[in-house]
Amino acid sequence: MNGETLQDPYGLEDELRNFEEIASYLNPSPGEIPKLKGVEICGLSMPLKAVIGGDHIVYIDFNRRYDLPGRIETAKKEGRNDVAEQLRRLKHRAGILVADVSGHRVTDAMIAAMLHQAFLLGVRYELDMFGEVTTRIFEQLNTRFHRTTAINKYVTMIYGEISDTGRFRFLSAGHQPPAVFSREYGRFVKISEDRLVSLQPLGMLPSSIDPDESVKSSLIGYKKRYEVNEINLLNVGDILLLHTDGLSEHGGGRYFSERLEPLLNEMRDAPAGAICGRLREDIQAYAKPDDDISVVVIRKAA
């Protein structure tokens, strides 16, 4: 017997490397960072294990990803003026989804990839039907993940749309709440609880409004209907942070409470891209991460 046979008689290490390589190819791109007048957007992802993990970001630049003028014209020809009006409003918005699968293994990255594809397919359908992204898509995603993933495998997620006026409308499924940093006061500002409504993660409970679920009984109950929240970035230089729990728990939870606010205050006049670069360096310098970390910086520009 040679040394290779003794160490790995069934070739499991080679198969694992092959599986990780496949997963890295299947790891979808978050898409182009949206360009929106008066708003700067930048994000970073730091997988715990190389290039794959359970965190995922999806950007939706409605103006570049979809043919909004063509869709508007089609809706008008079909007499669906309400849909045409909703599509017009999308010219002034950008969508951002941040998700966190419970785990950071290769299989968790595969679940994140499943969410990516299902979400984008659902968005296309929503635009065709309603001219906007509605809560219906997330009820459907919840149903699919509840039926197809293990009971201990769920997805926290936040999806929001930022407008060129600084209004941020969002829905949260068990995710970390967004944080708003005020340039004027040099600190995070408190957001009232009634604007931070968050329901169960995707896949944890069946949806009470799914007509196909009503024919069956659920021993663990049903989740409530997802709700939309709203936050306004009023002043130039204000920053909205979307992030996974890898950031809020970094350094035993001390990084977010002790270091993040002074860093943003120091970078208060820097563009979003520079803030992301500095944040990545500072996270790594502060402590060795023990989870995937993803952050999206949304800054109100002049």
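The values are calculated or read from the model by the stated rules, or taken from the named source; none is laboratory data. These numbers come from a predicted model, not from an experiment. Methodologically, a virtual Cβ is constructed for each residue, glycine included, from the backbone with ideal geometry; neighbour enumeration extends over all protein chains shown.
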Any chance you could count how many residues in region 239-254 are touching a strand residue (DSSP E or B) at 6+ places or on another chain (Cβ under 6 Å) and surrounded by fewer than 21 Cβ atoms within 10 Å (Cβ to Cβ)?
0
Could you please find all residues in region 162-190 being free of Cβ contacts under 8 Å to residues at least 12 places away in the same chain and either assigned to a loop (DSSP other than H, G, I, E, B) or closer than 23 Å to Ala112 by Cα (or both)?
Tyr185, Lys190
Being over 13 Å from the mean Cα position of the chain (by Cα) and either surrounded by fewer than 20 Cβ atoms within 10 Å (Cβ to Cβ) or in a strand (DSSP E or B) (or both) is the filter here; which residues of region 48-62 pass it?
Leu48, Lys49, Ala50, Val51, Ile52, Asp61
Among the numbered conditions (1) surrounded by fewer than 20 Cβ atoms within 10 Å (Cβ to Cβ); (2) not in a loop (DSSP other than H, G, I, E, B), tell me where Glu32 comes up short.
(2)
Search region 71-118 for residues being among the hydroxyl-bearing types (Ser, Thr, Tyr) and assigned to a helix (DSSP H, G or I), and hand back the single one that is farthest from Pro34 (Cα to Cα).
Thr107
Asp67: touching a helix residue (DSSP H, G or I) at 6+ places or on another chain (Cβ under 8 Å) and not β-branched (Val, Ile, Thr), yes or no?
no
Which residues, taken from region 121-150, are over 14 Å from Gly95 (Cβ atoms) and basic (Lys, Arg)?
Arg136, Arg144, Arg147
Result of the Cβ filter at 6 Å on region 254-282, keeping first residues that are more than 18 Å from Lys190 (Cα to Cα) and partners that are acidic (Asp, Glu) and surrounded by 18 or more Cβ atoms within 10 Å (Cβ to Cβ), at least 6 apart or interchain, is Pro271/Glu40; Ala272/Glu40
Under 9 Å between Cβ atoms, at least 6 apart or on separate chains: pull out the pairs that start in region 16-40 with a residue that is within 30 Å of Arg93 (Cα to Cα) and end on any residue that is modelled with pLDDT under 90 and surrounded by fewer than 13 Cβ atoms within 10 Å (Cβ to Cβ).
Asn27/Val51; Gly38/Ala302
When you go through (1) touching an Asp or Glu at 6+ places or on another chain (Cβ under 9 Å); (2) closer than 21 Å to Ser102 by Cα; (3) assigned to a loop (DSSP other than H, G, I, E, B) one by one for Met157, which number turns out not to apply?
(3)
Among (1) crowded, with 21+ Cβ neighbours inside 10 Å; (2) within 25 Å of Val83 (Cβ to Cβ), which single condition is Phe130 missing?
(1)
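Yes or no, residue by residue, for (1) more than 29 Å from Glu40 (Cα to Cα); (2) in contact (Cβ under 8 Å) with a residue 12 or more places away in the chain; (3) surrounded by 22 or more Cβ atoms within 10 Å (Cβ to Cβ):
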| residue | (1), (2), (3) |
| --- | --- |
| Glu78 | yes, no, no |
| Arg89 | no, yes, no |
| Val98 | no, yes, yes |
| Val101 | no, yes, yes |
| Arg136 | no, no, no |
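With the structure loaded, tell me whether Asp108 is buried (at least 16 other Cβ atoms within 10 Å of the Cβ) and charged (D, E, K, R) or whether it fails that test. Break it down stepwise before answering.
Details: buried (at least 16 other Cβ atoms within 10 Å of the Cβ): yes; charged (D, E, K, R): yes.
When the stated conditions are applied, Asp108 passes them.
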